[in-house]
Each structure stands twice: as structure tokens, then as C-alpha cells.
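Okay, so here's the structure we're looking at.
The values are calculated or read from the model by the stated rules, or taken from the named source; none is laboratory data. Just so we're clear, the structure is a prediction, and the values are computed from it rather than from any experiment. Every residue, glycine as well, gets a Cβ built from its backbone with ideal geometry; the counts of neighbours run over all protein chains shown. Heavy atoms of the whole protein, side chains included, go into the accessibility calculation; ligands, DNA and RNA do not. Shrake-Rupley method; radii C 1.70, N 1.55, O 1.52, S 1.80 Å.
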Amino acid sequence: MSSSSTTASAAESPSALSRIPSPNPTLVRVAAFLVVVALVATIGAGTPQAFRACLGALLSLFGCAQLYVAVKLFQNRHNLLLELSQPVGLSIFAGAAAIATVAPFLFALPESDVGCALRQPIIFTSISLMGGILVARSWRIGCIVSPHHLHLRRRSQQHSMTFHNNTTDTLKDARLNLMRVLSKLSGWALFVGSCGKCKAAGNNGIRQQITFADSVRVLAVLMMPQIILQTIILSVPALRMEIIEIDDSVYACQCSAGPALLIVGAVFAVTPFFIALLLNVKPEGLPEIFQEYDQIASSMRTSIGVLLITLPTIAMISDTVPNAHAYLTVASTLSFVLPTSYNITFPWIKSCYMITKKNENPTSKRKYSSVTVARSSSLGNSSSNVDKLDVLQTAESALAMGKMFQNMGRFEKAIEVNNDVLSMFKGGDGEYDVDDGYTESEISSFGPKTLQVVVSTLISSTKYFSISTYQNETRDEYIRKAGKSCIDALHIFENASAKNLLKDRSVVFPGYSCLLLLIKGDKINVSNRKDQSPAEFDNAIAANFVNETRFTLFHHCRALAMKADILARHQKFDDALLIVEEMKMLYDSKMHSKAIAVEYENDWCAVTISLSSLWLYHLDRVEEASNQCEYLIERILPQIEKEHNMLGALYCFFPLTQILTVQGHVGASRALGLLNDHIAEPLHNGVGKGSLARLLIREMVVLLKCRSLQYDSVMYDEIEDDIAWMIDREEKIPDYWIRIITNTISWSWYSLLAEICLHLAKRPDTRHEQKTALIEEGLRLSGLAESKMEDDATISSVVISYASHPGIYSELRLRKISGTDHSIPSE
């Protein structure tokens, strides 16, 4: 892994996380000095004119600072780090805060009719706008990032019988109900705004695509009460604030209707902030960087503390001391506006200051800013393995953003974020590139936390590369990048000296498991293996995984499952079965199944035990194969946690089905019943929502229905629908996933589909034109299976995966040629 210059293609693309230019430190210090001077002058001003001048200067400084933030947020609205924080909304929020900051100056002009009438509407409307934006942002990001939690939470409410943490559960339920109400309001606002042309969407927040226009509609609904109230106050003279002279040249603003409207306006202004506070109460699935509960709560506490001091003082002095009254009223208003504006917008501005800035000149390679160069250089030259906390904090914020892009299916954006994070840990002017990776000196300089971040980021990039499609790259290119990223992650972890400082090494474990999937999908390029043969490379990876996990039980079970799978892949079935027996002594499905599924996306231990029955059957150890199936049915399937492991549970059924159907239609009927109980019914009831199992289950059910019926028996009720579906079926699974599925379940997916066509064509009541179409489709699928078998000829496990193919293909060909019925050759 050399540190050569960045490739031209990388240099031509703009930076994913461009840095906002840092303000001049001298200007910052001058501005801070002016604020202090203005504050002191305001307090010490002796005349109304001097007081107004000093107060105006002070408020102008605060307002200009917030306008600066608003402009910078808007200018950098395409910055990836800011994109999901909804920078346009944040920019409007900062602008509203600036108006709410400057508007209290009108309190210092009690003799002005216009100022007296406008100050309440301007301030309350601006504060309401700030709160409404917080609500709209929280609602939108919650719907985008974790819409499935609304569904899961509703179902858990129906089935939960525990009262543990009742208060927390009540708040979560209230939050989710509020999310659904806001979604309804957005739909109704769309319906009203389109004059009935657009139907109100009853999505309950369960959609992934929530646009900025949707959040604007929510904001409009929240602002409506305040706008209506202030419009009425301005329109009705009897309700409008007017000047009253209470002493010689001493004026006050009062309303003949009393303070009731003022109180109502204040309630309308602060209510959105309480709603935003509720929306940020431990939102499930939302990264911490987007949770604003602490910021809003802290602002409220600050405001309450100031109001406890200022409001009694205002009541005591009334309007008899105009300057003091105006000063305290302004302080009361700013006590909420300024902390809220700072707490909400400053973290995003700060994060952008710390992100690297790239030179976008296409003729030169991109470089870091001077601040980051110094930081990166210290990383590259240090040998003390010390983590740089400021870099790590920025990296973690960016990774949270990348995770959200992943949840939204925007994998190209997630890869860009990951590459910029990885660039933070390059030395000097270097920039991370998949082909170049890190130098050995850079790897040796990593601290323990840096090592964890780099390894986990490379592993996540592997997943993104595996499922992304790029318009300017061939499939072979991103396959190579997926393998290179994963192998680099393992290489870095194995060679970094900081590895010895880690107490928990589990960060690298998903990398080993991910690499096995790449191997199964034939995604490991020859160049990735260097000089090793496939068997040597695979066995070395499995051995390292087993060695690294020897002190963590459920991880070790997963590592043993991987080792057994690798051995069977290279036709060392006896050795693989010994590893399976070792794993079974450690693996407890009740204790480990869910943990393995959450960590590795499927319970691969259960899948490997199921596959071992095929290995036993292949070795003519039929009784042991049958016993292994019974062990799976009785001890494992009832304990498998389906919510996180539905696909893994379905994987278990493919080998199980092949062994049980050796017993004929009786065994197939039993397999069908088990499949309905453990997979089909839970999927129908909403368990495993979004699982790939939903794309595979129908094929398996139809096959078992066909196998469970005797040749001359009556047809089942849904056969006409199944025949039409099979003839017109469109493959929804990408080709590379079909390869992974075939190598995972040791059963050619195309052979399975061809067998369904053959069974349906053999039914006695199938019409002639249907039989012809089914045989044609079956032969097409058999041809695909044949081509895949030739592509996988170097894989020893092909002997099991394609075992049924020759018989199915032969009978389909015979039926097409003769047009007569023949039985399927016994398997």
C-alpha cells in the first residue's frame, strides 16, 4: 500500500466535505471587545439618547453575528456534513433569531407609535418561526432516518406486557404519536394548498422521501395561530398597543384589552419549542448529532433563570424608569433567543470549521488547509500512538452523517463521506485513495481510537461499494474496490501497533464476516489475493478470525461457522463437520442467535448447522444428516430471533428442505408446514419488514407446495396464480446477490426456479399453452444455471449447489422435444 499521488479521477471530483473558511481571529477578538464595551456603555449610559445608541450597537453586533451564521449556512448548503441538517432551514432559523435579537430595540422607543404597535408582532412571530423550524426539522429528519421505528413501536405497543420504565415509554409513545399527527397535518396542508387537487397522504410518517416542501407545510401549520393572532391585533385598533404618557415626557406602551393577548402570544411563541423538545426525547435510530434535546433544554433553563431575575424587577420598577425597564425587557427576550440560536447553529458551524478543505483546481491534486496539514502531519510523523481528539470528534460527526446517507440509500454520498474521514488520518498533503491506502508509517502512528475509526470506516465502505452502482465505473471496478477496502481494513488492524492497546477488538470482526460474503459473491479480485491461491487466502482469513475471537464467545461461534463454511467451500467436508461439532458445543441459540444476527446481519451459526446436513448427505451419512435436521428443527428454529434474522432463518430452510424431501411428499409437506410457521406467517404479520427474505419466500413456498403433492392428486387452490406469476416473473434480485445466495444455501437459485417450472408443467390440469410457456421458461432458467455453473467451476462446493441441475434440465429438454409426460429422475 504505497502513498503515491491521488488519481486524476479523484482530483477532478469536488470535495465531499468542504470546509467553511474560518473567520479572522483578530476580527473575532475585536468583535468580542466591542460587545463588552457596548454592554458596559449601555449599563452606564446617563441619557436616553446615549442609552439607545449603546443598546442599538450591542443588539446590532449580536444581530450581525447571527446574520453571518445564516449566510454561511446558506452558502454551504451543499456541504455533505450540513446537507442532512437541513441548512436552508437552519439559515432561516438564524435569520429569524437575528430579527428577534434586533427587534427588542423598539422597547427603547416607547414614544414611537409604530414601534409600540410592531414590537410584539415582530418578536413573537420571529420566535414562533424559530420554534416552528425546530419542530419541522426534527419531524423531517425523524421520518427520513428511522421511519420503520414508527411501525415497530406501534407493534411493540400491541404485544408488550411489561411496565418497566413506564415514564420513558410514555414519552416515546407521545413522541411517535406527535410524529404521526405532524405527518397528517402536512398531508392536510398539501390538500388545502392545492385546492383539493393533491390528496392528503395518510403516510403516518412511514415514508422515506420527506421533502423540504413537506417541512414547510408543517411549519406553516405551526405558525398559523401566531400569524392570525398578530394580524388581528394589528388590524383592530382596540387591541393594538398604543402610547400612553404616564408622566412628564415618560411614555409607556399599553393595550386597552389588558395583558391577555400578550400572554396568548407568548404561549403561541414558546409552544413549538416544547413540541420540539418532545420530538427529541430519545428518538430511536437517530444519530446523536441530530438529537437536539439537550440544546433546547439548556436554552430553556438559561431563559428561566434570567426571567426569574428580570420579571420581578420589571414588575417593581414598572415604566417609571424607562431605560432600566427597556434594558430588563430586552434581556428577558434575549435570554431565550441568543442561547437557542447559539446551541442549535454553532455545533454545525464548528464541525464545518474542523472539516478539511480541498483545492478544487482540476489541474492539481487536492490539499488540506493549513490547520489540517499540521494536524495530519503530526499523525504521520508521530510514533507514540496518541489519538487526536479534535480530529476524532469531527470524524465521528461525519460518520454519523454517512450512516444517515446509508439509511436513505444514498451510498455514493456515504462513500464520499467515508473517503473524507479516511483522509483526515493521512499524513502531510496526502489524501485517502482506495488504491493507495495507507503507508506503513501512517498505520504505525495510529492511536487505538484512530485505529478503530479507520477500520470500521473501511468496513462500512466495503458494504457501500458492494451494493452501489456507479455510472462511470464498471461492475468489476467497484467489486475490486469492495475487496480492496475490506482487505485493507484487516491488514491495517493486523499490522497496527495500537492493536495491542485495544481492550475490545470486536471492531474488526464484521470485516472478516463481510469478506466471506465477498468471497461467496466472487468479489475478491486476483490482485487482492496477491500470490496466494484461493484456498490459501480463504483459510488464512478464517484462521485469523478464529484467533482474534477466542476470548469472545458468540463472536468465536461466528468465526468457527466461517471456518467450517470455507473448508466446505473447498470440499474438505470432513474437516468442516469437525468444526461444526466444536461450534455446537459453544453455541446456544437462545443466548447467541439475536446477538450474532444484530452484529453480523444473520445468524450464520444456525445457517452453517443447516448446511452441514447437506455435507453429511453428500458423504452418504444419511442418518446423521437427518439427525442434524431434527436438531435444527427442535433446538434452533424455535429460538431464532426473527425481527433481525428473518433472512438467516430462511437460509436455514433451503438445506433443510432438500434433506426432508428425500422422504417424498410427506417430508415436503412437513417442510412446508415448518416454513409457514417460522417464516411465511411472521412475514405476513409484519415481522422482518424490509428483509430480503420477502423476495425469496414465494419461490420456496410454491416449490414445497409442488413437492408435497403427489403427481395424480388434485391441484391446490392458488396454482393458476402461481403459473401466471412464474411465466411472467421478473427477477428482482441482482445477479451478484443471486451468486451469493447460491453459494450460501448450496443450491442454485436458477435450478430451483427451473424445478418450479417443471413441477407446474407436470400438473395434470395445466393447460397446454401454459405447459409450453413453463417449459420454455424452465429451459431459460436452466441455461442461466448452466452458465453460472461454468463460471463457478473453480469452486469445489459447486458439486452440491448444482447437484439437481442435470436431472431438471434433461427432463425439461425431453418434454420440449417429445411433448409427453415424464417423471423427474429421483435425486
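Looking at this structure, is F124 surrounded by fewer than 21 Cβ atoms within 10 Å (Cβ to Cβ), assigned to a helix (DSSP H, G or I) and at pLDDT 85 or above? It is false that F124 is surrounded by fewer than 21 Cβ atoms within 10 Å (Cβ to Cβ), assigned to a helix (DSSP H, G or I) and at pLDDT 85 or above. Within the range 703-726, does at least one residue satisfy the condition of being assigned to a helix (DSSP H, G or I), open to solvent by less than 40 Å² (accessible area, probe 1.4 Å) and in contact (Cβ under 8 Å) with a residue 60 or more places away in the chain? No: zero hits. In this structure, V687 does satisfy being of a type in the set (V, I, T), more than 30 Å from R767 (Cβ to Cβ) and outside any helix (DSSP H, G or I).
One residue alone among A568, A597, A606 is open to solvent by less than 10 Å² (accessible area, probe 1.4 Å), of a type in the set (G, A, S), closer than 19 Å to D538 by Cα and under 36 Å from the mean Cα position of the chain (by Cα), and that residue is A568. Tallying residues that are surrounded by 23 or more Cβ atoms within 10 Å (Cβ to Cβ) and small (G, A, S) within the range 642-680 yields 3.
Per-residue answers, yes or no, for (1) assigned to a helix (DSSP H, G or I); (2) at pLDDT below 85; (3) not hydrophobic (A, V, I, L, M, F, W, C):
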{"residue": "L399", "(1), (2), (3)": "yes, yes, no"}
{"residue": "V421", "(1), (2), (3)": "yes, no, no"}
{"residue": "D435", "(1), (2), (3)": "no, yes, yes"}
{"residue": "V453", "(1), (2), (3)": "yes, no, no"}
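Applying a threshold of 7 Å to beta carbon distances and a minimum spacing of six or more residues, or different chains, the list of pairs starting in the range 804-827 at a residue that is under 22 Å from R767 (Cα atoms) and assigned to a loop (DSSP other than H, G, I, E, B) and ending at one that is at pLDDT 75 or above and open to solvent by less than 40 Å² (accessible area, probe 1.4 Å) reads D821/K762; H822/E811; H822/R815; I824/L758; I824/G807; I824/E811.
Could you list all residues from the range 619-644 that are assigned to a helix (DSSP H, G or I), among the basic types (K, R) and more than 19 Å from E599 (Cα to Cα)?
If the condition is that a residue be assigned to a helix (DSSP H, G or I), among the basic types (K, R) and more than 19 Å from E599 (Cα to Cα), then R635 is the only one that fits.
When you check V417 against the structure, is it at negative phi, in a helix (DSSP H, G or I) and either at pLDDT below 80 or in contact with a Ser or Thr (Cβ under 8 Å, 6 or more places away or on another chain) (or both), yes or no? No; evaluated as a whole, the condition is false for this residue. Within the range 482-503, identify whether any single residue is modelled with pLDDT under 85, closer than 29 Å to M789 by Cα and open to solvent by 50 Å² or more (accessible area, probe 1.4 Å), and answer yes or no. No, the conditions are met nowhere in the range 482-503.
Of the helices (runs of 4 or more DSSP H) lying entirely inside the range 36-109, the ones with 3 or more residues being touching a Ser or Thr at 6+ places or on another chain (Cβ under 8 Å), modelled with pLDDT of 90 or more and buried (at least 21 other Cβ atoms within 10 Å of the Cβ) are found at 87-102. Taken over the range 763-806, the criterion of being open to solvent by less than 30 Å² (accessible area, probe 1.4 Å) and at pLDDT 85 or above is satisfied by Q770, L774, I775, E777, G778, L779, L781, S782.
Suppose we keep only residues that are among the β-branched types (V, I, T), more than 16 Å from L278 (Cα to Cα) and touching a residue at least 12 places away in the same chain (Cβ under 8 Å) within the range 293-322. Which one would you say is most open to solvent (accessible area, probe 1.4 Å)? The extreme case among them is T320.
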